[in-house]
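**Q** Take a look at the following structure, please.
The values are calculated or read from the model by the stated rules, or taken from the named source; none is laboratory data. Since the model is a prediction, treat every value here as computed from it, not as a measurement. Counting neighbours? That spans all protein chains shown, and the Cβs are built from the backbone with ideal geometry, glycine included. What goes into the accessible areas is simple: the full protein's heavy atoms, side chains included, and nothing from ligands, DNA or RNA. Shrake-Rupley method; radii C 1.70, N 1.55, O 1.52, S 1.80 Å.
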Amino acid sequence: DAAPRLRLGAPPSGEHAIAMMRLLCQAQSTEAQESVLAAWEKLSADDEKVLCDEMSRTGIADQHFRASAQKRPGGPAILVYYSPQLVRSLTPDSASQALAILAEVYRRSRKLWPLTPLERLDDDARTVTVRIDQIKELKLEDIRAVYSDGNSWLLYKRNEREAVVECHPIDYLAELHTNGHQAAVLKLWRKRTGVAIGGPDSAQTSRRTSASATLSRGSLSLAGHSPDPSWSRLPTGVAREGGEAAAEPAEAAAEAEAERRRLEEAARAEAEKAAQEEEARVAAEEAAKEAERAAAAREEEGWAAAARAVAAKV
(Lines give C-alpha, C1' and ligand atoms only; values in the text may rest on other atoms or scores of the structure.)
Protein backbone atom coordinates (compact mmCIF):
# COMPACT_ATOMS: atom_id res chain seq x y z
CA ASP A 1 0.00 0.00 0.00
CA ALA A 2 2.89 2.36 0.67
CA ALA A 3 4.51 1.76 -2.74
CA PRO A 4 2.48 4.42 -4.65
CA ARG A 5 3.19 7.06 -2.00
CA LEU A 6 6.91 6.23 -2.08
CA ARG A 7 6.98 6.14 -5.89
CA LEU A 8 8.73 2.77 -5.76
CA GLY A 9 6.33 0.94 -8.04
CA ALA A 10 5.07 -2.62 -7.60
CA PRO A 11 6.95 -5.04 -5.32
CA PRO A 12 9.87 -6.62 -7.20
CA SER A 13 9.63 -10.16 -8.54
CA GLY A 14 12.06 -12.54 -10.16
CA GLU A 15 15.55 -13.57 -9.19
CA HIS A 16 16.50 -10.04 -8.10
CA ALA A 17 13.48 -9.59 -5.79
CA ILE A 18 15.13 -10.47 -2.46
CA ALA A 19 18.29 -8.48 -3.16
CA MET A 20 16.25 -5.46 -4.21
CA MET A 21 13.95 -5.58 -1.18
CA ARG A 22 16.90 -5.93 1.19
CA LEU A 23 18.70 -2.99 -0.41
CA LEU A 24 15.60 -0.80 -0.24
CA CYS A 25 15.22 -1.64 3.45
CA GLN A 26 18.85 -0.70 4.01
CA ALA A 27 18.47 2.62 2.18
CA GLN A 28 15.46 3.61 4.36
CA SER A 29 14.73 7.12 3.05
CA THR A 30 12.57 7.61 -0.04
CA GLU A 31 15.26 9.59 -1.88
CA ALA A 32 17.90 6.95 -1.20
CA GLN A 33 15.53 4.14 -2.19
CA GLU A 34 14.72 5.79 -5.50
CA SER A 35 18.44 6.21 -6.20
CA VAL A 36 19.01 2.50 -5.47
CA LEU A 37 16.26 1.55 -7.93
CA ALA A 38 17.83 3.72 -10.61
CA ALA A 39 21.33 2.41 -9.85
CA TRP A 40 20.18 -1.20 -10.15
CA GLU A 41 19.27 -0.61 -13.78
CA LYS A 42 22.86 0.47 -14.47
CA LEU A 43 24.57 -2.46 -12.74
CA SER A 44 26.89 -4.68 -14.74
CA ALA A 45 25.55 -8.19 -15.34
CA ASP A 46 28.27 -9.66 -13.12
CA ASP A 47 27.52 -7.35 -10.17
CA GLU A 48 23.79 -7.96 -10.50
CA LYS A 49 24.29 -11.73 -10.48
CA VAL A 50 26.53 -11.56 -7.40
CA LEU A 51 24.01 -9.49 -5.44
CA CYS A 52 21.09 -11.67 -6.53
CA ASP A 53 22.87 -14.86 -5.54
CA GLU A 54 24.47 -13.80 -2.28
CA MET A 55 21.68 -11.66 -0.82
CA SER A 56 19.13 -14.46 -1.23
CA ARG A 57 21.10 -17.10 0.67
CA THR A 58 19.74 -18.05 4.10
CA GLY A 59 22.33 -20.51 5.38
CA ILE A 60 19.59 -23.08 6.02
CA ALA A 61 19.47 -26.27 3.97
CA ASP A 62 16.50 -26.62 1.61
CA GLN A 63 15.21 -23.15 2.51
CA HIS A 64 14.43 -20.90 -0.43
CA PHE A 65 12.51 -17.68 -0.98
CA ARG A 66 9.48 -18.07 -3.22
CA ALA A 67 10.22 -14.66 -4.75
CA SER A 68 13.80 -15.57 -5.76
CA ALA A 69 14.55 -19.18 -6.55
CA GLN A 70 18.16 -20.04 -5.70
CA LYS A 71 19.92 -21.28 -8.84
CA ARG A 72 23.20 -22.11 -7.06
CA PRO A 73 22.32 -23.48 -3.63
CA GLY A 74 24.96 -23.82 -0.97
CA GLY A 75 26.74 -21.80 1.63
CA PRO A 76 27.87 -20.38 3.84
CA ALA A 77 25.58 -17.37 3.67
CA ILE A 78 27.48 -14.08 3.93
CA LEU A 79 26.37 -11.32 6.27
CA VAL A 80 27.99 -7.99 5.37
CA TYR A 81 27.97 -6.23 8.72
CA TYR A 82 27.24 -2.47 8.43
CA SER A 83 26.01 -2.87 4.87
CA PRO A 84 22.98 -0.61 5.60
CA GLN A 85 25.21 2.17 6.89
CA LEU A 86 27.40 1.99 3.78
CA VAL A 87 24.35 2.18 1.52
CA ARG A 88 22.93 5.17 3.39
CA SER A 89 26.33 6.89 3.42
CA LEU A 90 26.73 6.68 -0.38
CA THR A 91 23.14 7.31 -1.47
CA PRO A 92 21.59 9.09 -3.21
CA ASP A 93 24.59 10.74 -4.90
CA SER A 94 26.71 7.61 -5.38
CA ALA A 95 24.17 4.80 -5.37
CA SER A 96 25.73 3.01 -8.37
CA GLN A 97 29.10 2.85 -6.63
CA ALA A 98 27.47 1.70 -3.37
CA LEU A 99 25.96 -1.33 -5.10
CA ALA A 100 29.21 -2.06 -6.95
CA ILE A 101 31.20 -1.93 -3.70
CA LEU A 102 28.78 -4.33 -2.01
CA ALA A 103 29.01 -6.69 -4.99
CA GLU A 104 32.81 -6.64 -4.79
CA VAL A 105 32.74 -7.40 -1.05
CA TYR A 106 30.40 -10.36 -1.65
CA ARG A 107 32.50 -11.52 -4.62
CA ARG A 108 35.81 -11.58 -2.72
CA SER A 109 34.15 -13.08 0.36
CA ARG A 110 32.96 -15.99 -1.75
CA LYS A 111 36.58 -16.55 -2.82
CA LEU A 112 37.49 -16.95 0.86
CA TRP A 113 34.50 -19.21 1.52
CA PRO A 114 33.90 -21.26 -1.65
CA LEU A 115 30.33 -22.38 -2.23
CA THR A 116 29.77 -25.68 -0.41
CA PRO A 117 26.65 -27.88 -0.02
CA LEU A 118 25.11 -26.89 3.31
CA GLU A 119 24.83 -30.53 4.31
CA ARG A 120 28.63 -30.66 4.53
CA LEU A 121 28.83 -27.66 6.87
CA ASP A 122 28.32 -27.66 10.62
CA ASP A 123 25.32 -25.68 11.79
CA ASP A 124 27.48 -22.87 13.17
CA ALA A 125 29.46 -22.66 9.92
CA ARG A 126 26.52 -22.01 7.62
CA THR A 127 26.68 -18.23 8.06
CA VAL A 128 29.80 -16.04 8.14
CA THR A 129 30.21 -12.36 8.97
CA VAL A 130 32.19 -9.81 6.94
CA ARG A 131 32.73 -6.55 8.81
CA ILE A 132 33.16 -3.34 6.83
CA ASP A 133 33.60 -0.96 9.78
CA GLN A 134 36.42 1.01 8.13
CA ILE A 135 34.48 1.94 4.98
CA LYS A 136 30.92 2.18 6.29
CA GLU A 137 30.98 5.99 6.57
CA LEU A 138 33.61 6.96 3.98
CA LYS A 139 32.88 9.02 0.91
CA LEU A 140 34.01 7.85 -2.50
CA GLU A 141 37.02 10.14 -2.70
CA ASP A 142 38.26 8.80 0.64
CA ILE A 143 37.91 5.20 -0.51
CA ARG A 144 39.81 5.93 -3.70
CA ALA A 145 42.56 7.93 -1.98
CA VAL A 146 43.78 4.75 -0.28
CA TYR A 147 45.14 3.36 -3.55
CA SER A 148 46.95 6.54 -4.57
CA ASP A 149 48.78 6.48 -1.22
CA GLY A 150 50.24 3.03 -1.91
CA ASN A 151 47.72 1.21 0.27
CA SER A 152 44.86 -1.08 -0.54
CA TRP A 153 41.59 -2.34 0.88
CA LEU A 154 42.11 -5.94 1.97
CA LEU A 155 39.46 -8.47 2.89
CA TYR A 156 41.23 -10.37 5.66
CA LYS A 157 39.88 -13.71 6.94
CA ARG A 158 40.32 -13.66 10.70
CA ASN A 159 38.92 -17.13 11.29
CA GLU A 160 36.44 -19.57 9.79
CA ARG A 161 33.49 -17.45 10.90
CA GLU A 162 34.61 -13.86 10.29
CA ALA A 163 36.47 -11.60 7.88
CA VAL A 164 37.11 -7.87 7.98
CA VAL A 165 37.79 -5.12 5.44
CA GLU A 166 40.90 -3.17 6.45
CA CYS A 167 43.26 -0.64 4.89
CA HIS A 168 46.86 -1.90 4.68
CA PRO A 169 49.98 -1.33 2.57
CA ILE A 170 49.82 -3.47 -0.55
CA ASP A 171 52.81 -5.61 0.48
CA TYR A 172 50.98 -6.59 3.70
CA LEU A 173 49.06 -9.13 1.60
CA ALA A 174 52.26 -11.12 1.07
CA GLU A 175 52.93 -11.04 4.82
CA LEU A 176 49.46 -12.40 5.54
CA HIS A 177 49.95 -15.25 3.08
CA THR A 178 53.39 -16.03 4.54
CA ASN A 179 51.80 -16.36 7.97
CA GLY A 180 49.13 -18.70 6.61
CA HIS A 181 46.25 -16.20 6.56
CA GLN A 182 43.78 -15.82 3.72
CA ALA A 183 43.13 -12.38 2.29
CA ALA A 184 41.99 -10.78 -0.96
CA VAL A 185 42.37 -7.34 -2.52
CA LEU A 186 39.11 -5.46 -2.96
CA LYS A 187 39.13 -3.93 -6.44
CA LEU A 188 37.20 -0.82 -5.56
CA TRP A 189 38.86 1.21 -8.31
CA ARG A 190 37.40 -0.92 -11.11
CA LYS A 191 35.03 0.77 -13.53
CA ARG A 192 31.47 -0.47 -13.37
CA THR A 193 28.38 1.06 -14.98
CA GLY A 194 30.71 3.55 -16.69
CA VAL A 195 31.87 5.06 -13.38
CA ALA A 196 35.05 4.22 -11.50
CA ILE A 197 34.27 2.91 -8.03
CA GLY A 198 35.39 5.55 -5.61
CA GLY A 199 36.05 7.98 -8.47
CA PRO A 200 34.40 11.17 -9.64
CA ASP A 201 31.62 11.08 -12.19
CA SER A 202 32.43 11.49 -15.87
CA ALA A 203 31.57 15.18 -15.91
CA GLN A 204 33.92 15.87 -13.02
CA THR A 205 36.66 13.83 -14.67
CA SER A 206 36.18 15.72 -17.93
CA ARG A 207 36.34 19.06 -16.17
CA ARG A 208 39.46 18.06 -14.23
CA THR A 209 41.20 16.71 -17.35
CA SER A 210 40.31 19.82 -19.34
CA ALA A 211 41.60 22.13 -16.61
CA SER A 212 44.83 20.14 -16.26
CA ALA A 213 45.40 20.23 -20.02
CA THR A 214 44.86 23.98 -20.11
CA LEU A 215 47.20 24.56 -17.20
CA SER A 216 49.91 22.28 -18.57
CA ARG A 217 50.04 24.35 -21.76
CA GLY A 218 50.74 27.46 -19.65
CA SER A 219 47.65 29.16 -21.06
CA LEU A 220 46.01 31.98 -19.15
CA SER A 221 42.69 31.35 -20.86
CA LEU A 222 40.51 29.66 -18.25
CA ALA A 223 36.74 29.11 -18.20
CA GLY A 224 36.28 31.11 -21.41
CA HIS A 225 38.23 34.19 -20.28
CA SER A 226 40.72 35.54 -22.79
CA PRO A 227 44.16 36.66 -21.68
CA ASP A 228 44.86 40.37 -21.35
CA PRO A 229 45.79 41.57 -24.89
CA SER A 230 48.39 43.88 -23.38
CA TRP A 231 50.33 40.80 -22.25
CA SER A 232 51.42 39.88 -25.76
CA ARG A 233 52.34 43.51 -26.55
CA LEU A 234 54.79 43.95 -23.69
CA PRO A 235 58.27 44.84 -24.96
CA THR A 236 60.98 42.24 -24.71
CA GLY A 237 62.78 42.38 -21.38
CA VAL A 238 59.85 43.96 -19.50
CA ALA A 239 59.06 42.03 -16.31
CA ARG A 240 55.75 40.14 -16.51
CA GLU A 241 55.15 39.73 -12.81
CA GLY A 242 51.41 39.18 -12.93
CA GLY A 243 51.66 36.49 -15.62
CA GLU A 244 54.49 34.64 -13.92
CA ALA A 245 52.66 34.68 -10.61
CA ALA A 246 49.64 33.09 -12.30
CA ALA A 247 51.59 30.63 -14.41
CA GLU A 248 53.78 29.17 -11.64
CA PRO A 249 50.90 27.87 -9.48
CA ALA A 250 49.27 26.54 -12.64
CA GLU A 251 52.35 24.54 -13.62
CA ALA A 252 52.80 23.30 -10.06
CA ALA A 253 49.18 22.17 -9.97
CA ALA A 254 49.56 20.31 -13.26
CA GLU A 255 52.74 18.59 -12.07
CA ALA A 256 51.11 17.61 -8.77
CA GLU A 257 48.12 16.19 -10.60
CA ALA A 258 50.36 14.21 -12.97
CA GLU A 259 52.35 12.80 -10.04
CA ARG A 260 49.16 11.87 -8.19
CA ARG A 261 47.86 10.02 -11.23
CA ARG A 262 51.18 8.21 -11.68
CA LEU A 263 51.21 7.02 -8.06
CA GLU A 264 47.58 5.97 -8.28
CA GLU A 265 48.18 3.93 -11.43
CA ALA A 266 51.24 2.27 -9.89
CA ALA A 267 49.28 1.38 -6.76
CA ARG A 268 46.43 -0.02 -8.82
CA ALA A 269 48.79 -2.13 -10.91
CA GLU A 270 50.42 -3.54 -7.78
CA ALA A 271 47.07 -4.27 -6.18
CA GLU A 272 45.84 -5.95 -9.37
CA LYS A 273 48.94 -8.14 -9.44
CA ALA A 274 48.45 -9.11 -5.80
CA ALA A 275 44.79 -9.90 -6.48
CA GLN A 276 45.68 -12.11 -9.44
CA GLU A 277 48.23 -13.99 -7.35
CA GLU A 278 45.64 -14.47 -4.63
CA GLU A 279 43.08 -15.76 -7.13
CA ALA A 280 45.63 -18.19 -8.57
CA ARG A 281 46.49 -19.45 -5.08
CA VAL A 282 42.82 -19.93 -4.18
CA ALA A 283 42.19 -21.72 -7.48
CA ALA A 284 45.13 -24.05 -6.83
CA GLU A 285 43.82 -24.82 -3.35
CA GLU A 286 40.36 -25.54 -4.72
CA ALA A 287 41.82 -27.83 -7.39
CA ALA A 288 43.76 -29.72 -4.73
CA LYS A 289 40.66 -30.05 -2.54
CA GLU A 290 38.62 -31.25 -5.51
CA ALA A 291 41.30 -33.84 -6.30
CA GLU A 292 41.20 -35.04 -2.69
CA ARG A 293 37.42 -35.30 -2.78
CA ALA A 294 37.57 -37.25 -6.06
CA ALA A 295 40.18 -39.61 -4.62
CA ALA A 296 38.09 -40.13 -1.50
CA ALA A 297 35.02 -40.83 -3.62
CA ARG A 298 36.94 -43.38 -5.69
CA GLU A 299 38.25 -45.06 -2.57
CA GLU A 300 34.76 -45.19 -1.07
CA GLU A 301 33.40 -46.64 -4.28
CA GLY A 302 36.19 -49.24 -4.23
CA TRP A 303 35.29 -50.32 -0.71
CA ALA A 304 31.62 -50.46 -1.66
CA ALA A 305 32.41 -52.64 -4.68
CA ALA A 306 34.51 -54.95 -2.52
CA ALA A 307 31.69 -55.20 0.02
CA ARG A 308 29.22 -56.08 -2.74
CA ALA A 309 31.58 -58.76 -4.07
CA VAL A 310 31.92 -60.35 -0.64
CA ALA A 311 28.17 -60.20 -0.12
CA ALA A 312 27.63 -61.90 -3.48
CA LYS A 313 29.96 -64.75 -2.54
CA VAL A 314 28.18 -65.27 0.78
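**Q** In segment 101-125, which residues are of a type in the set (Lys, Arg) and open to solvent by 40 Å² or more (accessible area, probe 1.4 Å)?
**A** Across segment 101-125, the qualifying residues are LYS111, ARG120.
**Q** Checking PRO12 against (1) open to solvent by less than 40 Å² (accessible area, probe 1.4 Å); (2) farther than 20 Å from SER94 by Cβ; (3) assigned to a helix (DSSP H, G or I), which single condition isn't satisfied?
**A** (3)
**Q** Among the residues of segment 94-129, write down those that are within 22 Å of ALA284 (Cβ to Cβ) and in a helix (DSSP H, G or I).
**A** Those that are within 22 Å of ALA284 (Cβ to Cβ) and in a helix (DSSP H, G or I): ARG107, ARG108, SER109, ARG110, LYS111, LEU112, ARG120.
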